[in-house]
Amino acid sequence: MPAAYEGALQDLVDQFGELPGIGPKSAQRLAFHILSADAESVERLVEALRAVKSRVHFCVTCGNVAEEEQCAICRDPRRDRRVICVVEEPKDVVAIERTREYRGLYHVLGGAIDPINGVGPDDLRIRELFARVGDGSVEEVILATDPDVVGEATAAYLTRMLRTMDVPVSRLASGLPVGSDLEYADEVTLGRAFEGRRRIDEES
């Protein structure tokens, strides 16, 4: 299919089109927005992109986004270090923090086990989770992976492995519809899910 525009504009449309969730029409709208914006606005965008690539990385402890070696949550001495909530992505940390119901620590896997797309346990931060749990200080692991097929499969795998480490494991309960993403749940729904989390016993 021939390019719709010439040169730099088409390059910009193509770059926007590479972003997740951005289709051809959205890419075109974004490109024309940049084209019509004033130079200062564009420069601020460019600087923000440069800054996030040069300054933001992943926390060495939990895998959340951070500008220092550890993220702000891991550095916070007021957090309950006896509890770790396991999530798929950093955006899930933000969703849970909005509820104000949880005061423990997090562990970000960096995705979910998805064999169809070639993602196995070794591709995620699962070994790092087991290392954190293995020091004996953790009294509960809360599994907050998305309530969809891959999220449930990931939770089931982690449950089996964590049982061998003799640590209590719970799963977010009521309020989260099957097939949804954690980041789209409202604060009340997610808060109730934390309050109603259930212990995963040997028979489940």
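Quick notes on this one:
- Qualifying residue in region 80-90 (condition: assigned by TED's automatic domain parsing to the domain that holds T159, part of a helix (DSSP H, G or I) and closer than 22 Å to F130 by Cα): yes
- Beta carbons closer than 8 Å, at least 6 apart along the sequence or on distinct chains, pair a first residue in region 120-145 that is buried (at least 21 other Cβ atoms within 10 Å of the Cβ) with a second that is of a type in the set (D, E) and not in a helix (DSSP H, G or I) for T145/E88.
- Scanning region 159-169 turns up one or more residues that are under 15 Å from F194 (Cβ atoms) and assigned to a strand (DSSP E or B).
- Scan of region 90-119 for residues that are among the charged types (D, E, K, R) and touching a residue at least 40 places away in the same chain (Cβ under 8 Å), ordered by number: K91, D92, R98, R100, E101
- For Q15: the one exception among (1) without any contact (Cβ under 8 Å) to a residue 24 or more places away in the chain; (2) closer than 30 Å to P121 by Cβ: (2)
- Residue selected from region 42-68 under the condition of a type in the set (S, T, N, Q) and at pLDDT 95 or above, by the criterion nearest to the chain's Cα centre (by Cα): N64
- Qualifying position, being surrounded by 12 or more Cβ atoms within 10 Å (Cβ to Cβ) and farther than 30 Å from R197 by Cα, among V42, V60, V94: V42
- Tally of residues being charged (D, E, K, R) and either part of a helix (DSSP H, G or I) or in contact (Cβ under 8 Å) with a residue 40 or more places away in the chain (or both) across region 70-79: 1
- Restricting region 136-149 to residues that are among the aliphatic types (A, V, I, L, M) and modelled with pLDDT of 90 or more, the residue that is nearest to P90 (Cα to Cα): A144
- Unmet criterion (only one of (1) surrounded by 15 or more Cβ atoms within 10 Å (Cβ to Cβ); (2) free of Cβ contacts under 8 Å to residues at least 12 places away in the same chain; (3) hydroxyl-bearing (S, T, Y)) for S170: (2)
- Residue check for Y106: surrounded by 14 or more Cβ atoms within 10 Å (Cβ to Cβ) and touching a Phe, Trp or Tyr at 6+ places or on another chain (Cβ under 8 Å): no
- For beta carbons closer than 8 Å, sequence separation of 6+ or different chains, a first residue in region 50-69 that is under 22 Å from I142 (Cα atoms) and a second that is of a type in the set (D, E) and in a helix (DSSP H, G or I), the qualifying pairs are G63/E128.
- Residue identified as exposed (fewer than 13 other Cβ atoms within 10 Å of the Cβ), modelled with pLDDT of 95 or more and over 16 Å from L190 (Cα atoms) among R75, R82: R82
The values are calculated or read from the model by the stated rules, or taken from the named source; none is laboratory data. This one's a predicted model, so the numbers in the text were calculated from it and none came from an experiment. Don't worry about glycine lacking a Cβ; one is built from the backbone with ideal geometry, like all the others, and counts go over all protein chains shown.
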